[in-house]
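Have a look at the structure below, then the notes.
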Amino acid sequence: MTDNNCYQNPLTGRYASEEMSYNWSPQHKHSTWRRLWLALATAEKELGLDITDEQLAEMKAHLDDIDFAAAAAKEKELRHDVMSHIHVFGQLCPKAMPIIHLGATSCFVTDNTELIQLRDGLRIIRNKILTLIRIISGVIEKYHDLPTLGFTHYQPAQLTTVGKRFCLYLQDFIFDFERLEAELTHLPFRSVKGTTGTQASFMALFHNDQNKCKLLERRVAELMGFDRVVPVSGQTYTRKVDYYVLTVLSGIAQSAYKMCGDIRLLANLKEMEEPFGKNQVGSSAMAYKRNPMRSERVCSLARYVMSLPANAADTHATQWFERTLDDSANRRISLPEAFLGVDVILSLLANIVDGIQVWPRVIAKHVAAELPFMATENIMMAAVAAGGNRQELHEAIRVHSMAAGRRVKEEGAENDLLERLKADPLFAAVDIDHMVDPKAFVGRAPGQALEFLRDIVTPLLAKYPEEATHAALGEIRV
């Protein structure tokens, strides 16, 4: 039951998926601690320490039944979260109590659990990006040849197509995906390093047998699903890992902001809109409004996520010697919120793009208003080919363009440049109407869009079966 007298994090209470919320939940965190203690004891037994099957079975039977009230009470007494959970776990496993956490320091459970959460969080994000890639691909294919105004400096430039523009967004997300995959591939486990990273306690347990210490390290990592172990550490794994991971998440947020910023601008032009519910309210005062609220929320959350790598960089840079504790409280906030933020962003993006509303007639109207200016060079070249004087034609076009532009700005009238040129005898030999088909001005945009899908997107998606990576869109609240 929600306690409305306490602050609730909106990322978990309002926006994020159950899957990502669980990944950073107390239940998942502390049950992972117990699995790490079991993995440690299992590996120590395999390497010859006096640990019984009965002790392991006892631990295995109590991996998830965590008494959080008892742990909180114990922490008040001990002022140490790891020790409080060791005691609570030990009460459930009295025979195993003597060997729980044997040879380990607190960072054995805290750091390794965080690396597991980073790994599993990246996997959730990976699946959501793949879902988004599939959805954007559909928009590209559908609108690959629909001419639209291209903008530079937010001023009308040459034409492009709606599909080609979405290729720009999708390419960014594919770059993000490739970097995410690289982080997943290279993400290391801390495993068993000891208090200052020297494994001194494990050397004592194994009577200075260095080989057994190395075998223990690899075996614990293997039991927890990792094939890489950080080669050296202090008490903690290097916080540079956090920086690298948050940089990937920041990249996704940047791509999301770019796309949704454009959608917000296009919504103002009435060329494109995000989904709008039948009973959705856009404004408490202006009942007619259709604000791009979901795109705005993406930009809002993205701006926060984009700020977090700088924080992670500071955390890494200020770790003294083998460790200091001023990272702990910071990372309890920054790591989960980075993942939760990107989780929400990707769910919103999938929902927005899946229901994107494109208005071709409005787009065509805006194209028609600017195309006469864009067509003038082609018209001039045709008139020269028909025997005209290039300099004379250029001056005529300049005069007519200035007059048409003044009429548009001063009177709010339609652009009549083409009519002016048709009425000018200098251009009588040119079929002007034939020369202003918008599709003649989009260059290779339609082909580029289809080639991008064929050569880049389709091979990528073929590596990941849709049923294995599907991320449910869910209901998006506004």
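The values are calculated or read from the model by the stated rules, or taken from the named source; none is laboratory data. These numbers come from a predicted model, not from an experiment. As a convention, Cβ positions derive from the backbone with ideal geometry for all residues, glycine included, and neighbour counts pool all protein chains shown.
Being of a type in the set (S, T, N, Q) and out of contact with any Asp or Glu (no Cβ under 8 Å at 6 or more places or on another chain) is the filter; apply it to the range 397-450 and report the residue that is farthest from residue 381 (Cα to Cα). Before you say what the answer is, go through the steps one by one.
Step one: list which residues in the range 397-450 are of a type in the set (S, T, N, Q), which gives 401, 415, 448.
This time we only want the ones that are out of contact with any Asp or Glu (no Cβ under 8 Å at 6 or more places or on another chain), so: 401, 448.
Details: 401: 16, 448: 26 Å.
Going through the qualifying residues, I end up with 448.
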Output yes when any residue across the range 185-192 is within 24 Å of residue 317 (Cα to Cα) and more than 33 Å from the chain's Cα centre (by Cα), and no when none is.
no
Failed criterion for residue 361 (all others in (1) touching a helix residue (DSSP H, G or I) at 6+ places or on another chain (Cβ under 7 Å); (2) at pLDDT 95 or above hold):
(1)
Among the residues in the range 12-29, are any modelled with pLDDT of 95 or more, farther than 30 Å from residue 294 by Cα, outside the structural domain of residue 300 (by TED's automatic domain parsing) and crowded, with 19+ Cβ neighbours inside 10 Å?
yes
I'd like to check something: does the range 82-95 contain any residue that is part of a loop (DSSP other than H, G, I, E, B), hydrophobic (A, V, I, L, M, F, W, C) and more than 28 Å from residue 344 (Cβ to Cβ)?
yes
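Between 423, 429, which is more than 30 Å from residue 275 (Cα to Cα), more than 43 Å from the chain's Cα centre (by Cα) and free of Cβ contacts under 8 Å to residues at least 40 places away in the same chain? Full working, then the answer.
Numbers: 429 fails: free of Cβ contacts under 8 Å to residues at least 40 places away in the same chain.
The unique qualifying residue is 423.
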Here are some conditions: (1) outside any helix (DSSP H, G or I); (2) surrounded by 14 or more Cβ atoms within 10 Å (Cβ to Cβ). Residue 382 meets all but one. Which one does it not meet?
(1)
Complete set of residues in the range 436-464 that are over 27 Å from the mean Cα position of the chain (by Cα), under 19 Å from residue 151 (Cα atoms) and among the small types (Gly, Ala, Ser):
440, 443
Collect the residues in the range 190-243 that are of a type in the set (Ser, Thr, Tyr), part of a helix (DSSP H, G or I) and crowded, with 19+ Cβ neighbours inside 10 Å, keeping them in residue-number order.
243
Identify the single condition in (1) under 19 Å from residue 156 (Cα atoms); (2) touching a residue at least 40 places away in the same chain (Cβ under 8 Å); (3) in a helix (DSSP H, G or I); (4) touching a Lys or Arg at 6+ places or on another chain (Cβ under 9 Å) that residue 401 does not satisfy, given that it satisfies every other one.
(2)
Is it true that residue 182 is in the same structural domain as residue 256 (by TED's automatic domain parsing), aliphatic (A, V, I, L, M) and either within 30 Å of residue 32 (Cα to Cα) or surrounded by fewer than 16 Cβ atoms within 10 Å (Cβ to Cβ) (or both)?
yes
Looking at the range 154-189, which of its residues are under 30 Å from residue 371 (Cα atoms) and among the aliphatic types (A, V, I, L, M)?
157, 159, 162, 168, 170
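Can you tell me which residue among 79, 34 is out of contact with any Cys (no Cβ under 7 Å at 6 or more places or on another chain), outside the structural domain of residue 341 (by TED's automatic domain parsing), crowded, with 18+ Cβ neighbours inside 10 Å and without any contact (Cβ under 8 Å) to a residue 60 or more places away in the chain? Step through it out loud before you land on a result.
Values: 79 fails: crowded, with 18+ Cβ neighbours inside 10 Å.
Answer to the selection: 34.
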Among (1) β-branched (Val, Ile, Thr); (2) farther than 30 Å from residue 23 by Cβ; (3) outside any helix (DSSP H, G or I), which single condition is residue 140 missing?
(3)
The one condition residue 167 fails out of (1) over 24 Å from residue 112 (Cβ atoms); (2) hydrophobic (A, V, I, L, M, F, W, C); (3) surrounded by fewer than 22 Cβ atoms within 10 Å (Cβ to Cβ) is (3)
Looking at the range 200-212, is at least one residue outside the structural domain of residue 29 (by TED's automatic domain parsing), aromatic (Phe, Trp, Tyr) and more than 31 Å from the chain's Cα centre (by Cα)?
yes
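Check 198, 148 and return the single one that is free of Cβ contacts under 8 Å to residues at least 12 places away in the same chain and of a type in the set (Val, Ile, Thr). Step through it out loud before you land on a result.
Values: 148 fails: free of Cβ contacts under 8 Å to residues at least 12 places away in the same chain.
So the residue among 198, 148 that is free of Cβ contacts under 8 Å to residues at least 12 places away in the same chain and of a type in the set (Val, Ile, Thr) is 198.
Can you tell me which residues in the range 317-329 are assigned to a helix (DSSP H, G or I) and surrounded by fewer than 16 Cβ atoms within 10 Å (Cβ to Cβ)? Don't jump to the end; show me each part of the working.
Going residue by residue through the range 317-329, those that are assigned to a helix (DSSP H, G or I) are 317, 325-329.
Matches in the range 317-329: 317, 325, 326, 328, 329.
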Hey, any hits in the range 340-355 for a residue that's surrounded by fewer than 21 Cβ atoms within 10 Å (Cβ to Cβ), charged (D, E, K, R) and either in contact (Cβ under 8 Å) with a residue 40 or more places away in the chain or more than 22 Å from residue 24 (Cβ to Cβ) (or both)?
yes
